[in-house]
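Read through the structure below, which is laid out as structure tokens, and then see the notes.
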Amino acid sequence: MGKRLKEIALGTGLAVLALAVVFGLDLSMLVLPLSLLALGAMMLGARGGFAARFSPAKLGPVEGSSVPQVTFAQIGGQEMAKRELVEALMFLKESARTRQLGIRPLKGVLLVGPPGTGKTLMAKAAANYTASVFLAASGSQFVQMYAGVGASRVRQLFKQARTQAEREKKSSAIIFIDEIDVLGAKRGTNASHLEYDQTLNELLTQMDGVDSEGDVQVLVVGATNRMDLLDPALLRPGRFDRIVQVDLPDKAGRLHILNIHAAGKPLAADVCLEQIAAETHGFSGAHLENLLNEAAISALRAGRQEVTQADLREAVEKVMLGEKSSRLLQKEERERVAYHEVGHAAMSELVRPGSVASITIVSRNRALGYIRQASQDDQYLYTKDELLQAIQVCVAGAVMEEIAFGQRSTGAANDIEQAVNLAKRMVFAGLSPLGIVSSDLPAAELNAAVVQIIQEQEEEVRKTLSARVEVVQRIAAHLLRQETMGGDEFRLLLAAKQAS
Ligand code: ATP
């Protein structure tokens, strides 16, 4: 409609000008007013463009619901974190008592931990526990190229939290900001820092409650795995002054999470989740949930009604190393891979009996074969002997190739990298022949120490495996036939052949 009007006005104007020329009118006196009009129109047009680009900022898809259904009971393996969070929620749960005691309300809780450990779940459970309205956004949703947009999004989010709580007659709201490091990084560190800084300043202002109106208590729960990036102003008392560590679960935690996600899935009688928990060191809650899902898919593919232990084992490998690859190896390559893996497994079993969980020569992603070791959970300190043994297991694959085929291959590159890292760890822990060293040890000296450690261990492994060539040969032949072998089967073969 507006466009039509503009066209009519323009058309009429041109017609009037044309008539004026035809009737010989002097137009020079019209030049200035017309120029001013044109300039005004241009400015109006420009303002129109400006307004369109910077129209009242929309926050995009903010996840907003009333009170989430997630409870703390549905979160496994985070007992300490749950306890700390519940303690911090006291002021929302018992606001009358805390107010009476003059306790300053908590403004922010920061959940720190690796991805997939349940930080979002914790924030939702916190909202459920305190019957608070829950709004979730991600740090990256706030920061745009244009200055001012992020700040207005922050204001909008806080406003939305308050109005939604009022509408639903709730006394509190929880705002969850995932990846808070994107929006809360140290000021002045970002390339387009003006926008980042303004957004962060607005968050600080909102958290300080400058704009607080009404009775709704707003708690901000932030999540990050890079706390070191955060601006110190965010962490000072009165802002995110409660920091809750949400770490990867230990074995008991993994079992708890597996049990939670196994509910509703029909498990066969042979399933031992405890064993799966023992074999999944380093898995997050999200990995474990995915593992059970993959196991159920594998049962479905096989046309079974129940999920078996074999489905779970297969799923562990899939989650750890990816989908099986369709790559076809040449006969010699397969043999080399089999000897390499049996070399690793034999050494692992010799230095730590019971440590092999499985061996396979089925390739997945970049791995042509691999052994999975049953994890030793919760070990934070390693002795010199333990580190040397770990180096022996790393180099055993390459040494076995050398014994069986006369030379090594590129397949050992990853193993060597791991062995080097372990050796460096020894050097800097003062466990190498160099004794205590400073962190600025010259590279040549470090290299010489690392090479010496690894070569000595290779020599040890060469002696050990050379004395067991026949056993390794037979197990490798067995592995070539059946491609995958469980730890128990491997131990039986190793013990039987050793005894014979
Ligand atoms: P990110 O940092 O990547 O956002 P996050 O720590 O917020 O991850 P969540 O989104 O809470 O992780 O978890 C993803 C999924 O993983 C959950 O929906 C749940 O299925 C599962 N999960 C993660 N941790 C746990 C846990 N501790 N207990 C039960 N399930 C979990």
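From the set of residues in region 271-282 that are open to solvent by 10 Å² or more (accessible area, probe 1.4 Å) and at negative phi, which is nearest to the ligand (Cβ to nearest atom)?
Filtering region 271-282 for residues open to solvent by 10 Å² or more (accessible area, probe 1.4 Å) gives 271-275, 278-279, 281-282.
The next check asks that each one be at negative phi; those that pass are 271-275, 278-279, 281.
Working: Val271: 18, Cys272: 20, Leu273: 14, Glu274: 17, Gln275: 19, Ala278: 18, Glu279: 18, His281: 16 Å.
Ranking the qualifying residues of region 271-282, first place goes to Leu273.
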Filter region 259-286 for residues that are within 15 Å of Ala357 (Cα to Cα) and not in a loop (DSSP other than H, G, I, E, B); the one that is nearest to the chain's Cα centre (by Cα) is Ala277
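Would you tally the residues in region 338-354 being open to solvent by 20 Å² or more (accessible area, probe 1.4 Å) and either more than 18 Å from Ala419 (Cβ to Cβ) or not assigned by TED's automatic domain parsing to the domain that holds Arg462 (or both)? Reasoning before the result, please.
Pass one, region 338-354, residues open to solvent by 20 Å² or more (accessible area, probe 1.4 Å): 339, 350-354.
With either more than 18 Å from Ala419 (Cβ to Cβ) or not assigned by TED's automatic domain parsing to the domain that holds Arg462 (or both) added as a condition, the list becomes 339, 353-354.
The number of residues fulfilling the criteria is 3.
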Just one listed residue, out of Ala73, Ala81, Ala96, is without any contact (Cβ under 8 Å) to a residue 12 or more places away in the chain and either within 16 Å of the ligand (Cβ to nearest atom) or basic (Lys, Arg) (or both), and it is Ala73
Subset tally (residues that are in contact (Cβ under 8 Å) with a residue 24 or more places away in the chain, part of a loop (DSSP other than H, G, I, E, B) and away from the ligand (no atom under 16 Å from the Cβ)) for region 199-257: 9
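Among the residues of region 349-367, write down those that are within 30 Å of the chain's Cα centre (by Cα) and closer than 24 Å to Arg462 by Cβ.
If we filter region 349-367 for residues that are within 30 Å of the chain's Cα centre (by Cα), which is where we start, we get 355-367.
Matches in region 349-367: Ser355, Val356, Ile359, Ile361.
Within region 328-337, does at least one residue satisfy the condition of being of a type in the set (A, V, I, L, M, F, W, C), at pLDDT 85 or above and surrounded by 15 or more Cβ atoms within 10 Å (Cβ to Cβ)? Please lay out each step first, then the result.
So the first thing to find is which residues in region 328-337 are of a type in the set (A, V, I, L, M, F, W, C), and the list is 328-329, 337.
Adding the requirement that they be at pLDDT 85 or above leaves 337.
If we keep only those that are surrounded by 15 or more Cβ atoms within 10 Å (Cβ to Cβ) as well, we get 337.
Yes, the conditions are met somewhere in region 328-337.
Among the helices (runs of 4 or more DSSP H) lying completely within region 384-500, list those that include at least 3 residues that are more than 25 Å from Ser358 (Cβ to Cβ). Explain how you work it out, then say what you get.
Numbers: elements: 384-405, 413-428, 443-466, 469-482, 487-499.
Result: 413-428, 443-466.
Looking at region 115-129 only, could you name the residues that are over 18 Å from Asp241 (Cβ atoms) and either more than 7 Å from the ligand (Cβ to nearest atom) or in the same structural domain as Asn290 (by TED's automatic domain parsing) (or both)? Walk me through how you get there before you give the answer.
Looking only at region 115-129, we keep the residues that are over 18 Å from Asp241 (Cβ atoms), and these are 115-118, 120-121, 124-125, 127-129.
Within region 115-129, Lys124, Ala125, Ala127, Asn128, Tyr129 meet the criteria.
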Only one of (1) open to solvent by 10 Å² or more (accessible area, probe 1.4 Å); (2) assigned by TED's automatic domain parsing to the domain that holds Arg474; (3) not hydrophobic (A, V, I, L, M, F, W, C) fails for Arg301. Which number is that? (2)
What about Leu229, is it surrounded by fewer than 17 Cβ atoms within 10 Å (Cβ to Cβ), under 19 Å from the mean Cα position of the chain (by Cα) and in the same structural domain as Leu92 (by TED's automatic domain parsing)? yes
Result of the Cβ filter at 7 Å on region 286-308, keeping first residues that are within 10 Å of the ligand (Cβ to nearest atom) and partners that are basic (Lys, Arg), at least 6 apart or interchain, is Leu288/Arg254; Leu292/Lys265
Failed condition for Ala390, given (1) touching a helix residue (DSSP H, G or I) at 6+ places or on another chain (Cβ under 9 Å); (2) open to solvent by 40 Å² or more (accessible area, probe 1.4 Å), with all others met? (2)
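The values are calculated or read from the model by the stated rules, or taken from the named source; none is laboratory data. This structure is a prediction, so every number in the text was calculated from the model and none was measured. In this analysis, Cβ positions are derived from the backbone assuming ideal geometry, glycine residues included, and neighbour counts consider all displayed protein chains. Areas reflect the complete protein model, heavy atoms only, side chains present, ligands, DNA and RNA absent. Shrake-Rupley method; radii C 1.70, N 1.55, O 1.52, S 1.80 Å.
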